[in-house]
Amino acid sequence: MIGRIMQSSPRLGLALLVAIAGSTALGLFGSVACSGDGASSSASSNNNNPTSAGGNGGAGGAGGNGGSSSSLIPPTVDDFPATPQVVGDLPTNVADIFNGMPGTDPGGPCVSEPAMEALVPKNWTPLRFEWTPPPGHNVIELRLKVDNQPHELVVYTPEPLYTIPREMWEGLAQNSAGHDVEVQVRSAQIENGALVSAPLVGTSGVVHLAPVEAPGSIVYWSSSGGTAFRGFTVGDEQVTTVIAPAQVSDDTNCVSCHTSSPDGKLVFFTRDLTPSGARAVSARSADGTSTTPPAQTVSQVALDLLARPTQGAPVLSEAHYSATDAVAITVLYDASTANRGALAWTNLHAADPASGSGLLARTGDPRQATSPTWWHDGTTIAYVSAEVSGSGVVAGVSANDPTMDIYTVPFNDRQGGNATPLAGASDPGYWEFYPVISPEDRFLAFNRIAANTGNDSYDEPNAEVMVVPAAGGDAVRIEGNDPPACVGKPSPGITNSWPRWAPSVQIADGKRYYWLTYSSKRRPAGNPQLYVSGVVTAVVNGVETVERTYPAIYVTSQPPEENNHTPAWDVFQIPEPQ
């Protein structure tokens, strides 16, 4: 539920007390925030608003080993145990066996999760390592080293994965936030208590512990065993069901594309109707009860207008979600649009159906519209312009018009206006689709494939996630598109699809931390699963540019066997997992 806070371990509390005491003794307490993350501040984005957003500023980033304020933390903390951890049915002297024949040859385990160089939020679920050892190897040695921890974490296990215990992880994530975790993996074959041959060295590198948290909750579409919206708050180890079709109505057999109300209390979503199969839009509470919105929030007239088929892909803006001004934007196909995808507005407080909705003018764009996203300040809507439009989110091209680009149009008090292609997301050599605006309206994330290499935008294998300044500019391909090379699943080809931003920017040491989630088919089973990637920016001379994007981390709270796609990341007020 919104507002849930990660519980700190006892040793974490002790470390913080030591830090405070030490700072007071030095006469420094109060000069900066007391933190173990090397960050002089960590706050929501409202505390530091840049004037504009630029493109990629080149490599840089946010990992590393702390910041200037790290002098206020104890020089070392003690979250890793001093002795090796032995998992499973292994010889008790397995560490001595490994150390007796130290191998340096390559060819050891491929670590698939987390990717080296990934950025991990402070409030993430306990970090899980997954690997594939060479054939015949039955023991894996995992070593984790952090510069402010006096001991390495050394683990011996026969299993294909290892998860840091929660108490240990929470202490590490807090006390070593802003530092790097050095990772090294080796493996060997042990028979009759002895090594068959020297261990082989596998993946090595670093994982960055972010000095900030990832805010909010993610609600996603699961299409396994029927459809449902499931969700989790960042840090949860399990998911919860938020809305299932049977909770909505007897004539709802599917729920799909969705968004949050700006206050997180409601989910606005597309539903398929029985028996017609037509699509319409509805809204229900996010708290697991699927309650119809109160009339003062969404009137019955507005619900009826949203329920007109065919309609989908609802979006809202906090600038137009109040007691006096509340609007939803959808994609509508009916007689008023000549059954072509058009951007429609609905007054959520409407009392008269005759005046409660209308169409946004998109002057200069004769194509159909799909996949709108609405700026938080309410001024602008971006959408996909293409000759073919279906279900509100699926864009396609025709032989006569191969264009699939992202356009913007002003909201203009429901009037619309001139529609223009967004530079960096309207390249004729590519198809661009599934746009989403970042917090503070600084950047737009979207999917892109080479033109004429797919059928349409739906479930596109070659899709990759890109980021461009919201005002247009050079598009940046995020590092999160690529799994570790040793996995053998390069992108394009793994359906990195439907990016969505975390609801707010976090700030530390002058850097601005954004988070993106999206689905990808990079897991061994090939089913869509959710991932999260960090995007770090800096503001120089009033211009915000992307300093670095980071490889993805796997969302371990989701059921690995299910098909999980189209996430929405916001301040959803969802129930806690049971």
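Residue 378 fulfils the conditions (1) open to solvent by less than 40 Å² (accessible area, probe 1.4 Å); (2) more than 20 Å from residue 280 (Cβ to Cβ); (3) out of contact with any Phe, Trp or Tyr (no Cβ under 8 Å at 6 or more places or on another chain) except for a single criterion, (3).
I'd like the full set of residues that are of a type in the set (D, E, K, R) and surrounded by 15 or more Cβ atoms within 10 Å (Cβ to Cβ), limited to the stretch 331-371. Within the stretch 331-371, 340, 362, 365, 367 qualify. Can you find a residue in the stretch 340-356 that is on the phi > 0 side of the Ramachandran plot, in the same structural domain as residue 283 (by the TED database) and of a type outside the set (Asp, Glu)? No, every residue in the stretch 340-356 fails to be on the phi > 0 side of the Ramachandran plot, in the same structural domain as residue 283 (by the TED database) and of a type outside the set (Asp, Glu). Please work out if residue 198 is assigned to a loop (DSSP other than H, G, I, E, B), in contact with a strand residue (DSSP E or B) (Cβ under 8 Å, 6 or more places away or on another chain), in contact (Cβ under 8 Å) with a residue 60 or more places away in the chain and open to solvent by 10 Å² or more (accessible area, probe 1.4 Å). Considered against the rule, which asks whether it is assigned to a loop (DSSP other than H, G, I, E, B), in contact with a strand residue (DSSP E or B) (Cβ under 8 Å, 6 or more places away or on another chain), in contact (Cβ under 8 Å) with a residue 60 or more places away in the chain and open to solvent by 10 Å² or more (accessible area, probe 1.4 Å), residue 198 comes out as yes. Residues in the stretch 493-509 that are without any contact (Cβ under 8 Å) to a residue 60 or more places away in the chain and closer than 24 Å to residue 437 by Cβ: 495, 496.
State whether one or more residues within the stretch 429-445 are open to solvent by 10 Å² or more (accessible area, probe 1.4 Å) and among the polar types (S, T, N, Q). Looking for residues that are open to solvent by 10 Å² or more (accessible area, probe 1.4 Å) and among the polar types (S, T, N, Q), one finds none in the stretch 429-445, hence no. Anything in the stretch 258-272 that is in contact with a Gly (Cβ under 6 Å, 6 or more places away or on another chain) and surrounded by fewer than 24 Cβ atoms within 10 Å (Cβ to Cβ)? List them, or say none. The answer is none; no residue qualifies. Being modelled with pLDDT under 95, of a type in the set (Ser, Thr, Tyr), surrounded by fewer than 24 Cβ atoms within 10 Å (Cβ to Cβ) and farther than 28 Å from residue 238 by Cα is true of residue 104. For the stretch 201-225, the candidate set comprises residues that are over 30 Å from residue 92 (Cα atoms) and of a type in the set (Gly, Ala, Ser); within that set, the residue that is most open to solvent (accessible area, probe 1.4 Å) is 225.
When the test is whether a residue is of a type outside the set (Asp, Glu), closer than 30 Å to residue 551 by Cβ and modelled with pLDDT of 95 or more, residue 386 does not pass it.
Please work out if residue 315 is assigned by the TED database to the domain that holds residue 391 and more than 19 Å from residue 411 (Cα to Cα). It is false that residue 315 is assigned by the TED database to the domain that holds residue 391 and more than 19 Å from residue 411 (Cα to Cα). With respect to the conditions (1) open to solvent by 40 Å² or more (accessible area, probe 1.4 Å); (2) under 24 Å from the mean Cα position of the chain (by Cα), residue 162 lacks only one, and its number is (1). For residues that are of a type outside the set (A, V, I, L, M), farther than 19 Å from residue 466 by Cβ and assigned to a loop (DSSP other than H, G, I, E, B), tally how many sit in the stretch 407-438. So the answer is 5. Checking every residue in the stretch 394-406 against the condition of being in a strand (DSSP E or B), farther than 21 Å from residue 434 by Cβ and assigned by the TED database to the domain that holds residue 503 gives zero matches. Restricting attention to the stretch 470-486, the residues that are open to solvent by less than 70 Å² (accessible area, probe 1.4 Å) and among the hydrophobic types (A, V, I, L, M, F, W, C) total 4. For the stretch 276-288, the set of residues classified as modelled with pLDDT of 95 or more and farther than 22 Å from residue 569 by Cβ consists of 279, 280, listed by residue number.
The values are calculated or read from the model by the stated rules, or taken from the named source; none is laboratory data. A quick note: this is a predicted structure, and the numbers were derived from the prediction, not measured. Ideal geometry is used to build each Cβ from the backbone, glycine not excepted, and the neighbour counts take in all protein chains shown. Please note that ligands, DNA and RNA were not included when accessible areas were found on the heavy atoms of the full protein model with its side chains. Shrake-Rupley method; radii C 1.70, N 1.55, O 1.52, S 1.80 Å.
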